[in-house]
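Heads up, the thing below is written out as structure tokens.
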Amino acid sequence: MVNNINSLWTDWFSKFETQDDILRLAEISAAPNSLFEVLAQATPSTISQREILPSKLSSTGNVIIDGKGSAIEFESRLERDFIAIMALRRGVRVIDAQPIKIGYLDENSRPRSYTPDFLVVRRVYHNNKPAHLESIFVEVKFTSELMGPKSPELIAKFRHAQQWAKRRGWRFAVFSEEEIRTPELQRAEQLLPFRRAPENTKIETAIASLLRRKGPKKVQEIQYELDSISEGLVFGEVLKMVSHRQ
């Protein structure tokens, strides 16, 4: 039984967009608008989820992920960290907090419900070329919770979420602090403020034009080449472009 449970967790843990840019779960093909079509056709037991309210007992709030003020809500610091790394990952199009409530019956036929923490939609790349979109329900939990006394209850909820997602061609994944609090998070936290910076089309165009003409360069080299623009503005714009994967 223990081995079966460990195998289940291993299957659910997801480290997509690692060094090899591989999502461990199986690949699927989905049309860009299917996400919104499926949610609009949700069953009666699957409804829009509650508004997140401030709490003195937990760390709640929202993360601004771009210069347009797009905000994503979180209910814990680990969820906040998850949003940070997703915002910077390649191909991520949607990060939707608490997207739906999934209704199901437990082993005693009693009605239950489960709300995934996030729905992530990302563009999958093959040979560095954009391919299909992939939709993933995500649960964010500390390892101590996942392996604690509530583990059987969590497994039951997650199995229903996995089945619900599978019927729609989606996937389900679990992220713990081991997947989230890595050097990638440190990089994301450094770049996120630049991602939120306002656009400066003139400087961005000058940098892009320079790189097209002369190929890859270090930041200091770009600053030297664009000597008519202050070094601080060039530096900030370069990191903003990096944060947007330009």
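Brief remarks on what is shown
- In the set (1) surrounded by fewer than 12 Cβ atoms within 10 Å (Cβ to Cβ); (2) within 23 Å of residue 62 (Cβ to Cβ); (3) of a type in the set (Asp, Glu), the condition left unmet by residue 178 is number (2).
- Close pairs from the range 173-193: first within 21 Å of residue 137 (Cβ to Cβ), partner in a helix (DSSP H, G or I) and open to solvent by 20 Å² or more (accessible area, probe 1.4 Å), Cβ under 7 Å, at least 6 apart: 176/143; 177/143; 178/143
- For the range 219-240, a residue qualifies if it is in contact (Cβ under 8 Å) with a residue 40 or more places away in the chain and open to solvent by 30 Å² or more (accessible area, probe 1.4 Å), and exactly one does: 239.
- Among (1) over 19 Å from the mean Cα position of the chain (by Cα); (2) open to solvent by less than 10 Å² (accessible area, probe 1.4 Å); (3) not charged (D, E, K, R) - the single one residue 147 does not satisfy: (2)
- Enumeration of residues in the range 148-165 that are hydrophobic (A, V, I, L, M, F, W, C) and touching a residue at least 60 places away in the same chain (Cβ under 8 Å): 155, 158, 164
- Test: residue 154 is at pLDDT below 90, over 29 Å from residue 237 (Cβ atoms) and open to solvent by less than 90 Å² (accessible area, probe 1.4 Å): yes
- So residue 186, is it of a type in the set (S, T, N, Q) and buried (at least 18 other Cβ atoms within 10 Å of the Cβ): no
- Residues satisfying the stated conditions in the range 194-204, i.e. open to solvent by less than 80 Å² (accessible area, probe 1.4 Å) and of a type in the set (S, T, N, Q): 200
- Contacts under 6 angstrom Cβ, first residue in the range 198-218 being more than 11 Å from residue 241 (Cα to Cα), partner outside any helix (DSSP H, G or I) and open to solvent by less than 100 Å² (accessible area, probe 1.4 Å), 6 or more apart: 198/67; 206/226
- Unmet criterion (only one of (1) within 29 Å of the chain's Cα centre (by Cα); (2) small (Gly, Ala, Ser); (3) open to solvent by 90 Å² or more (accessible area, probe 1.4 Å)) for residue 208: (3)
- The numbered conditions (1) more than 16 Å from the chain's Cα centre (by Cα); (2) within 30 Å of residue 121 (Cα to Cα); (3) aromatic (Phe, Trp, Tyr) are all true for residue 235 except (2).
- Those residues of the range 93-123 which are closer than 26 Å to residue 193 by Cα and either open to solvent by 30 Å² or more (accessible area, probe 1.4 Å) or at pLDDT below 85 (or both), in sequence order: 93, 94, 96, 123
The values are calculated or read from the model by the stated rules, or taken from the named source; none is laboratory data. Note that the coordinates shown come from a computational prediction; the quantities given were computed from them, not determined experimentally. Every residue, glycine as well, gets a Cβ built from its backbone with ideal geometry; the counts of neighbours run over all protein chains shown. In case anyone asks, the SASA skips ligands and DNA or RNA and just uses the protein heavy atoms, side chains included. Shrake-Rupley method; radii C 1.70, N 1.55, O 1.52, S 1.80 Å.
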